[in-house]
Amino acid sequence: MVPLPTHTSSPTVAEADAWADVLVRRRLLHAAVSVPSDQWLVQHEAAGPVRVFAGPADVVDLVAAIQLRTRSPRPDSR
């Protein structure tokens, strides 16, 4: 497994918001919303549970994990 890169600086709310918007538009997430407490509410599927993320860094980490999963070759495609 390839380790996720470490952040050189803390992701901003704007960066996390932009990435969350991309994931929702591409239907890789159902919803991702920031709340005034700097937390994020993330829902993978419409009927799925809502997860609470502590801040923008957690959202960007989720983006990296989703990119890694979607760009990795699938075992059945070999």
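Here are a few things to note about the model shown:
- Where Arg71, Arg25 fall by accessible area, highest first, once all protein chains stay in place (1.4 Å): Arg71, Arg25
- Placing unit charges on the Cβ atoms only, positive for Lys and Arg and negative for Asp and Glu, gives the range 28-78 a dipole magnitude near 300 debye about its Cα centre.
- In order along the range 9-15, the phi-based Karplus estimate (6.51 cos²θ - 1.76 cosθ + 1.60, θ = phi - 60°) of 3J(HN,Hα) comes to 8, 6, x, 8, 4, 5, 5 Hz; Gly and Pro are listed as x.
The values are calculated or read from the model by the stated rules, or taken from the named source; none is laboratory data. Because the structure is predicted, anything quoted here is derived from the model rather than measured. Note: ideal-geometry Cβ built from the backbone for every residue, glycine included; neighbour counts use all protein chains shown. SASA here: full protein model, heavy atoms, side chains in, ligands and nucleic acids out. Shrake-Rupley method; radii C 1.70, N 1.55, O 1.52, S 1.80 Å.
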